[in-house]
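A.B. asks: Below is one structure. I have some questions about it.
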Amino acid sequence: MIEGLVLATLLIGFFGTLFKKNLIMKVIAMDVMSTGVITYYVVVAAREGLFTPILITDQNQAYADPVPQAVILTAIVIGFSVQALILVGIMKLSRNNPTLEISEVERSNTQ
């Protein structure tokens, strides 16, 4: 059930990136797709019976591996940084163009 929702989120972001013509909408669609990927990793890593390594008193219990958690946290931070950089580029582009539609931007930059 939840895997289907994650897949739907990924597809919405992917098709938004392909079919939206506004640059801001493309960035939002990329963020939705990134959220879907991160959620997919969280769903895959979530298993019953695993404990947090900090709270374990018995060494024989299975514990959650903290490395994937650190990788996902890093992916969130890098995704936020890339999104901020893209938005700054769009702001610079919007100074010369009255609209952020891709066809209009291409037309004004090729003349």
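The values are calculated or read from the model by the stated rules, or taken from the named source; none is laboratory data. Please read all numbers here as calculations on a predicted model, not as lab measurements. Don't worry about glycine lacking a Cβ; one is built from the backbone with ideal geometry, like all the others, and counts go over all protein chains shown. Please note that ligands, DNA and RNA were not included when accessible areas were found on the heavy atoms of the full protein model with its side chains. Shrake-Rupley method; radii C 1.70, N 1.55, O 1.52, S 1.80 Å.
A.B. asks: Does LEU85 meet the test of being closer than 29 Å to THR110 by Cα and loosely packed, with under 14 Cβ neighbours inside 10 Å?
C.D. replies: Considered against the rule, which asks whether it is closer than 29 Å to THR110 by Cα and loosely packed, with under 14 Cβ neighbours inside 10 Å, LEU85 comes out as yes.
A.B. asks: Mind checking which residues of the range 97-111 are open to solvent by less than 60 Å² (accessible area, probe 1.4 Å), farther than 19 Å from ILE28 by Cα and not in a loop (DSSP other than H, G, I, E, B)?
C.D. replies: SER108
A.B. asks: What is the residue count in the range 1-27 for residues that are open to solvent by 70 Å² or more (accessible area, probe 1.4 Å) and in contact with a strand residue (DSSP E or B) (Cβ under 9 Å, 6 or more places away or on another chain)?
C.D. replies: The total comes to 1.
A.B. asks: On to the next question. Can you say whether MET91 is of a type in the set (A, V, I, L, M) and open to solvent by 80 Å² or more (accessible area, probe 1.4 Å), as far as the supplied structure shows?
C.D. replies: On the way: of a type in the set (A, V, I, L, M): yes; open to solvent by 80 Å² or more (accessible area, probe 1.4 Å): yes.
Taking the combined requirement at face value, the residue satisfies it.
A.B. asks: Does ALA45 satisfy the condition of being hydrophobic (A, V, I, L, M, F, W, C) and touching a Pro at 6+ places or on another chain (Cβ under 9 Å)?
C.D. replies: For ALA45, the condition - hydrophobic (A, V, I, L, M, F, W, C) and touching a Pro at 6+ places or on another chain (Cβ under 9 Å) - is met.
A.B. asks: Kindly list the number of the only condition in (1) open to solvent by 50 Å² or more (accessible area, probe 1.4 Å); (2) touching a residue at least 40 places away in the same chain (Cβ under 8 Å); (3) not aliphatic (A, V, I, L, M) that fails for THR35.
C.D. replies: Unmet for THR35, out of (1) open to solvent by 50 Å² or more (accessible area, probe 1.4 Å); (2) touching a residue at least 40 places away in the same chain (Cβ under 8 Å); (3) not aliphatic (A, V, I, L, M): (2).
A.B. asks: Considering only the range 54-103, state which residues are among the aromatic types (Phe, Trp, Tyr) and modelled with pLDDT of 90 or more.
C.D. replies: Once the filter is applied, which keeps residues that are among the aromatic types (Phe, Trp, Tyr) and modelled with pLDDT of 90 or more, the range 54-103 yields only PHE80.
A.B. asks: Here is a follow-up. If I ask for residues that are more than 23 Å from ILE90 (Cβ to Cβ) and among the small types (Gly, Ala, Ser), which ones from the range 6-22 would you list?
C.D. replies: ALA8
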